[in-house]
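Asks: One structure, as structure tokens, below. Some questions next.
The values are calculated or read from the model by the stated rules, or taken from the named source; none is laboratory data. Since the structure is predicted, the reported quantities are computational estimates derived from the model, not experimental observations. Glycine gets a Cβ as well: all are built from the backbone with ideal geometry, and neighbour counts include every protein chain shown. Note: areas computed on protein heavy atoms with side chains; ligands, DNA, RNA excluded. Shrake-Rupley method; radii C 1.70, N 1.55, O 1.52, S 1.80 Å.
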Amino acid sequence: MIRLRFAPSPTGYLHVGGVRTALFNWLFARKSGGKFILRIEDTDQERSTKASEQEIFDSLRWCGLLWDEGPDVGGDYGPYRQMERHEKGFYRDAVQVLLEKKRAYYSVAKASDPKTEVLRSDRFPEGYSEEEYLIAVKFAVPQGTTLFHDLLKGELRFENQTIDDFVILKSSGVPVYNFAVVVDDAMMRITHVIRGEDHISNTPRQIMLYQALGLELPVFMHLPLILGADKTPLSKRHGGTSVEFFRKEGYLSEGLMNYLALLGWNVKQEVFHPLRELEDFSLENISNKSVVFDYKKLEWINGKHVHGLPFATYYELFKEWIDRYRDTYPEFAELLSRFPQERIERILKVSQEKANTFVQLLPLLRPLLVSADELLFEEKWVDKYLKKPEAPALLERSEKKFSENSLDSYDEIKSVFDRLIEESGLSTNQIYQTLRGALTGSLVSLGLIETVDFLGRDEVVRRIRNALGRLRA
């Protein structure tokens, strides 16, 4: 059976590059009827945290990448945390095999000068106190050449003489990455290792360990890294890079996964649901070209998913988002709480097509949710429209027209605007933009008729009077 794994370290938020790797592993496992395993590589005890581990679980689940075996669901090849495997002695047993084969040795260095080796020994060196000395185990790199076939890169060749003997077990007894990953992948019967190309330099060391332990090699595939606009690996200096960042910004998981799938998967369509496209996925369709993360393209793709959602689904996702991040957007959460669900649904229904992410709703909805006294007028609108000589008469006429009508229907509201255009002699744009600013404080808003419909007659009149007050102040 084909078995693949995703093995993050719980030392921070889950990077989108890691999620793309997890996605391709997940797709291949599902397409082949295999298993997708989650393993937590937590041997860096100084940086690993349970909070980061939980964040990895939450982010992967939000992305829809559920695992068949892992720390929280169990499986036949556990434990699935490296430190738990360390406590069971799995790595120590493998070290003993290498020592007995003379493929590894003890290396002693002074604690005060850890880079200078003072002794090598096939047996544990007695008489060296742990306070003064560090006793590690190193792998003895053999002479010759290490070759392997990469599904993307083809045949790769490394001269062993360029690789120094390397530590496999620290003086603390904790295994280093290159050793632990070999033992774990072999014991968990991993058949394919799909990961970022930054691991290529680790691969010859791992292959030497596989061979020294008499283990069967998995198939390797190294994906091009995701780059920033400056063609360096995507990092925080380019912008947000974690799943949590995009989730907090109000992206849909479908939008993020769609975009990440495009960063390497050669597909005909741009907007699609990658988790549902198993039949079209194959490793042969993964590109070996470098990929640049385009934030604007991601937003556009997310917008396509947002605009295509049934409103009931959109509303539920929005509620889940604001409930999760109410501490991040406290004003927005408080403003929403002022209105009954029916009114919030009304305004969200007309705004769904206007925003590509939930965060983009904030500037659109805030003017409608605040009171007239809390409304802020943009200086750009004040200078361009409110200070026009014809603005006072237009606002006074509008106040009268809106006061005389109930504004209970779309047609009635539109009729008021039509009469204003007919009677004022001003252009439609000037009328609409003057009133848009008076009602929302901005030149950019939801549709003006929808805005009036949501605010209602009394609030519309109150806001026009406030604008007149600003003009006369």
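Asks: Under 5 Å between amide H atoms, partner at least 5 residues away or on a different chain: which partners does Ile226 have, H built in plane at 1.01 Å?
Replies: Those lying under 5 Å, H to H, from Ile226 are Leu234.
Asks: Can you give the % of DSSP beta bridges in the chain that are antiparallel, to the nearest 5?
Replies: Antiparallel: roughly 65 percent of the beta bridges in the chain.
Asks: Could you give me the ³J(HN,Hα) list for region 437-454, computed from phi with Karplus coefficients 6.51, -1.76, 1.60 and θ = phi - 60°, whole Hz, x at Gly and Pro?
Replies: x, 4, 8, 10, x, 9, 8, 10, 7, 5, x, 5, 5, 5, 5, 4, 4, 6
Asks: Taking a threshold of 31 Å on the Cα-Cα distance, which of the pairs Lys297/Lys319; Lys384/Lys414; Lys248/Lys414; Lys31/Lys289; Lys50/Lys349 fall above it?
Replies: Those over the limit are Lys248/Lys414; Lys50/Lys349.
Asks: Oh, and also: Give me a comma-separated list of calculated 3J(HN,Hα) values for region 55-68, in order, Karplus coefficients 6.51, -1.76, 1.60 applied at θ = phi - 60°, integers in Hz, x for any Gly or Pro.
Replies: 5, 4, 4, 4, 5, 5, 5, 4, 6, x, 9, 7, 10, 7
Asks: Kindly provide the helix-only [θ] at 222 nm of the chain, computed as the sum of -39,500 (n - 2.57) over DSSP H runs of four or more divided by all residues, to the nearest 500 deg cm²/dmol?
Replies: Rounded to the nearest 500, the figure is -13000 deg cm²/dmol.
Asks: Less than 13 Å Cβ to Cβ from Arg457, Lys/Arg counted +1 and Asp/Glu -1: what total charge do the surrounding residues give?
Replies: Net of charged neighbours comes to -2.
Asks: Turning to a different aspect of this structure: Could you work out how far helix 295-307 tilts from the main Cα principal axis of the chain, as a 0 to 90 degree angle to the nearest 10?
Replies: Between the helix axis and the principal axis of the chain, the angle is about 60 degrees.
Asks: Can you list residues whose amide H is under 5 Å from Val193's amide H, if they're 5+ apart or on another chain and H is modeled 1.01 Å from N?
Replies: Under 5 Å from the amide H of Val193: Val219, Phe220, Met221.
Asks: Averaged per residue, what accessible area in Å² does the chain show with a 1.4 Å probe, protein chains only?
Replies: Here the residues of the chain average 48 Å² of exposed surface.
Asks: Hey, another quick one. Round to the nearest 0.05 the FRET efficiency obtained for Asp76 and Ala111 when R0 = 45 Å and r is the Cβ-Cβ distance.
Replies: Calculated transfer efficiency: 0.65.
Asks: In Å and from the alpha-carbon atoms only, list the Rg and Dmax of the chain.
Replies: Spelled out, the Cα radius of gyration and Dmax of the chain are 31.0, 102 Å.
Asks: Name the residue farthest towards the positive end of the dipole of the chain from the options Val97, Leu134, Gln352, assuming +1 on Cβ of Lys and Arg, -1 on Cβ of Asp and Glu, about the Cα centre.
Replies: Toward the positive end, the furthest listed residue is Gln352.
Asks: Continuing with this model, one more query. Over all alpha-carbon pairs in region 20-140, figure out the percentage whose distance exceeds 25 Å.
Replies: Percent of Cα pairs beyond 25 Å in region 20-140: 46.
Asks: Roughly speaking, what is the stretch gain from Lys304 to Leu376, that is 0.36 nm per residue apart minus the C-alpha to C-alpha distance, in nm to one decimal?
Replies: 22.8 nm
Asks: Calculate what fraction, in whole %, of the accessible area of the chain sits on carbon and sulfur atoms when a 1.4 Å probe is rolled over the protein chains.
Replies: Here it works out to 48 percent.
Asks: Sticking with this one: Kirkwood hydrodynamic radius for region 4-72: how many Å is it when counted over pairs of different Cα atoms?
Replies: Kirkwood hydrodynamic radius for region 4-72: 12.1 Å.
Asks: Also, quick follow-up: Taking the highest mean first, how do the peptides 277-286, 117-126 order by number of other beta carbon atoms within 10 angstrom per residue?
Replies: The densest-packed peptide leads the list: 277-286, 117-126.
Asks: What net charge is computed for the residues neighbouring Leu66, neighbours being all others with C-beta under 13 Å from the C-beta of Leu66, Lys and Arg scored +1, Asp and Glu -1?
Replies: Taking every other residue near Leu66 into account, the sum is -1.
Asks: If you project the alpha carbons of region 156-303 onto their three principal axes, what span does each projection cover, largest first, in Å?
Replies: Largest first, region 156-303 extends 51, 36, 27 Å along its Cα principal axes.
Asks: What does the C-alpha gyration tensor say about the overall shape of region 359-405? Classify as rounded when a/c is under 1.5, otherwise prolate if a/b is larger than b/c, or oblate.
Replies: Judged from the Cα gyration tensor, region 359-405 comes out oblate (a/c at least 1.5, b/c at or above a/b).
Asks: Hey, another quick one. If r is the Cβ-Cβ distance from Lys296 to Leu362 and R0 is 22 Å, what FRET efficiency results, to the nearest 0.05?
Replies: 0.70
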